[in-house]
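Quick notes on the structure that follows.
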Amino acid sequence: MRLFIIGKTGDGKTTLGKALAGECNIPHIEASEWVKARFGRSVDSFPSREEYVAAITAFSIAELAKKPAACVEYLAMHHDLDRPCVISGIRNPRDFMHLFRSEKDIAICLTRPGGEPGTVFEEGVEIIGTYLAYLAKTRLIGGQRFKQVFTISYKPCDRTRIATMEEVLPSIAEAVASDSRTNQDIHSFVHADLPLPLDLMVGEEFFYDMDPDHEGEFVPARAFALACYKGSVPTFTVRTFDGSVFSYLPPDAVGSPEVPHCGDLVLSRKELVYHDCPSEKFVLICHRELKGGVNAFFKERRIWLTGQYLFTVDWYEGNDLLHCIHLENGQFAFLPHHKVKFKDGTRDFKQFKKMRSTWSVGTSDPGI
């Protein structure tokens, strides 16, 4: 599922696009990247913004006349459009028709009462809006109810207010939650697809049965699934970029591309994973409320590390769960509630005790 932000100049497409990308933890892509890269001049090099807009518009028309698919080809070359992302600023109906998948994607149409078209491309926004309205009216989505078009209308002076995002996020959250590709909340056995693939580096020795001759080398790969074998740590399944697939990789085998060597701090497998998988039956889910920065505590070293919440693994039969955290040193940890403070919470813990009671209608309450 991808999110498309449609609107005219000055409607706040980039502002909302970046906010939604951050909220959903997915990349933000500006459709105008292609022409800005070719034009080669910034707005600061012109006497006024109006002159810059006029010049880059004329340049865009000339370029598209020579190569109509210039925008689509540029985006496909520079971004992985098969993965969830936010794309803002498409105003060419041809580009939108090529990119938008009505059975999967979400379109958010920004409208500004009283706004007037500023360039010829603004007329394309009207055409895109008409097309989306047609899809919503006819529900030509394989017989399914069409809910993927949201329209936000606001006053010009309020176009960047946070309420704009708050108005649309609940509807988007509902659509994303109903999409099993981005928020899997069904019971799984042994294997489950990750909510979003993870680009990472894998220690090469793990591909060669821990041969020490390969230590210190790293292979780029994409983790797309998690496996839970009873008695083992949660393990990743990855695809390398030469097409090979390798499974049963423990968390200490992988690191983020930005910090493949884990900086000066390398945590052991025992530190990264609080306990082995108690069962092969589990639920893998990404909780929207927990997304964002976290502080994680590692008792053996008595240290705190910052990180980002990714998803939760819940072994529902045994009342055990671990949160997958992408740590600041590039490693991935699986930690319980009482080792993590979410939303960049304070670095301290109250002396809570684990709830061991069970609650049902048949449970007697001595206090009644």
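Miscellaneous remarks
- Overall form of segment 272-365 per C-alpha gyration tensor (a/c, 1.5; a/b vs b/c): prolate
- Near Ala221: Cβ cut-off under 12 Å, other residues only, Lys/Arg at +1 and Asp/Glu at -1. The net charge is -1.
- Using a cut-off of 20 Å between Cα atoms, the listed pairs Lys230/Lys270; Lys281/Lys341; Lys270/Lys291 include Lys281/Lys341; Lys270/Lys291 as exceeding that distance.
- Per-pair calculated FRET efficiency, R0 = 30 Å: Phe224 and Ala133 via Cβ, rounded to 0.05: 0.25
- Applying a DSSP loop filter and a limit of 12 other Cβ atoms within 10 Å to the GluC sites (Glu not before Pro) in segment 287-368 leaves Glu300, Glu317.
- Computed E for Phe59/His98 - FRET, C-beta separation, R0 30 angstrom, nearest 0.05: 0.90
- For segment 188-315, size of Cβ-based charge dipole, Lys and Arg +1, Asp and Glu -1, in debye: 760 debye
- To the nearest 10, the accessible area of Leu290 is 40 Å² with a 1.4 Å probe.
- Within the accessible area of segment 1-132 (1.4 Å probe), percent carbon and sulfur: 54 percent
- Amide H contacts of Glu280 (H built 1.01 Å from N, under 5 Å, at least 5 apart or other chain): Lys230
- Compared with the direct C-alpha span, the chain from Ser45 to Val190 gains 46.4 nm at full extension, assuming 0.36 nm per residue.
- Rough spin-label spacing in nm, given labels placed 7 Å along Cα→Cβ, for Lys350 and Arg83: 3.9 nm
The values are calculated or read from the model by the stated rules, or taken from the named source; none is laboratory data. Owing to the predicted nature of the structure, the values given are computational and were not obtained by experimental measurement. Cβ coordinates were reconstructed from backbone atoms using ideal geometry, including for glycine residues, and neighbour counts include every protein chain displayed. Just the protein is used for accessible areas: all its heavy atoms, side chains included, with ligands, DNA and RNA removed. Shrake-Rupley method; radii C 1.70, N 1.55, O 1.52, S 1.80 Å.
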